[in-house]
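Data first, discussion second: the structure below is written as structure tokens.
The values are calculated or read from the model by the stated rules, or taken from the named source; none is laboratory data. These numbers were taken from a predicted model, which means no experiment stands behind them. Positions of Cβ are generated from backbone atoms using ideal geometry, with glycine treated the same way; all protein chains shown enter the neighbour counts.
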Amino acid sequence: MEEVYLDSNVFIFAANDNDPKSIKARKLLTSILKNELIGVISVLCIDEFVWKISKIVNDRNLAIQEGLRILDFRNLKVFPVDNLVMKIAFDFMLKYNFLRPRDAIHLAVAYSNGIKLIISDDSEFDKIKEIKRQAL
């Protein structure tokens with residue numbers, strides 16, 4: 001079964017109203033729950049999600065509860081960010097001078113785990129040779 005890396009914006013869109021990207025994000029997460037795909041994220045994804053949701057709803061506790069729901073999500077692998085991942089991220093930042101640190105970390109987690117596809121609304125990933133991006 002294919003593993004896909006999910007950028008934090010997938011979860012952020014899924015938590016939003018019913019705009020087209022939100023609907024697509026929820027369908028994607030449903031396909032992971034149904035075991036049609038295996039989702040992969042890093043701990044950074046949860047950090048970004050909780051931060052953004054807390055700002056949108058102005059409720060830190062609700063954002064934390066939503067972050068905990070991600071941890072309990074079926075068929076979703078959550079990888080750590082360790083020294084090796086950070087070294088890979090810095091290598092990517094040196095190779096691609098436009099790459100922001102957080103995006104480099106997402107890329108490094110995917111790359112170090114052999115994942116070739118990232119689902120993201122961030123078109124910067126289109127310029128990266130090591131991974132293919134699928135937009136929402």
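This table checks each residue for (1) surrounded by fewer than 19 Cβ atoms within 10 Å (Cβ to Cβ); (2) more than 15 Å from GLY67 (Cα to Cα); (3) in contact with a Gly (Cβ under 9 Å, 6 or more places away or on another chain).
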position	(1), (2), (3)
MET1	yes, yes, no
SER8	no, no, no
ALA25	no, yes, no
LEU29	no, no, yes
ILE32	no, yes, yes
ASN35	yes, yes, no
VAL43	yes, no, no
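Counting only residues that are closer than 11 Å to SER42 by Cβ and of a type in the set (S, T, N, Q), the stretch 93-121 holds 2 of them.
If we keep just the residues of the stretch 51-63 that are in a helix (DSSP H, G or I), without any contact (Cβ under 8 Å) to a residue 40 or more places away in the chain and charged (D, E, K, R), which is surrounded by the most Cβ atoms within 10 Å (Cβ to Cβ)? Looking at residues that are in a helix (DSSP H, G or I), without any contact (Cβ under 8 Å) to a residue 40 or more places away in the chain and charged (D, E, K, R), I get ARG60.
Before we move on, is PHE73 out of contact with any Leu (no Cβ under 7 Å at 6 or more places or on another chain) and modelled with pLDDT under 95?
yes
Would you check if LEU68 is part of a helix (DSSP H, G or I), surrounded by fewer than 18 Cβ atoms within 10 Å (Cβ to Cβ) and at pLDDT 95 or above? Steps first, please.
Numbers: part of a helix (DSSP H, G or I): yes; surrounded by fewer than 18 Cβ atoms within 10 Å (Cβ to Cβ): yes; at pLDDT 95 or above: yes.
In short, yes.
The residues listed here are GLU36, GLU48; of these, the one that is in contact with a Ser or Thr (Cβ under 9 Å, 6 or more places away or on another chain), in a loop (DSSP other than H, G, I, E, B) and of a type in the set (Asp, Glu) is GLU36. When PRO101 is tested against (1) loosely packed, with under 14 Cβ neighbours inside 10 Å; (2) out of contact with any Leu (no Cβ under 9 Å at 6 or more places or on another chain); (3) closer than 29 Å to LYS34 by Cβ, just one condition goes unmet, and that condition is (3).
In the stretch 70-104, the qualifying residues are those that are in contact with a Ser or Thr (Cβ under 8 Å, 6 or more places away or on another chain) and without any contact (Cβ under 8 Å) to a residue 40 or more places away in the chain, and the one that is nearest to ILE131 (Cα to Cα) is ILE88. Scan the stretch 83-98 for residues that are surrounded by 12 or more Cβ atoms within 10 Å (Cβ to Cβ) and assigned to a loop (DSSP other than H, G, I, E, B) and the total you get is 1.
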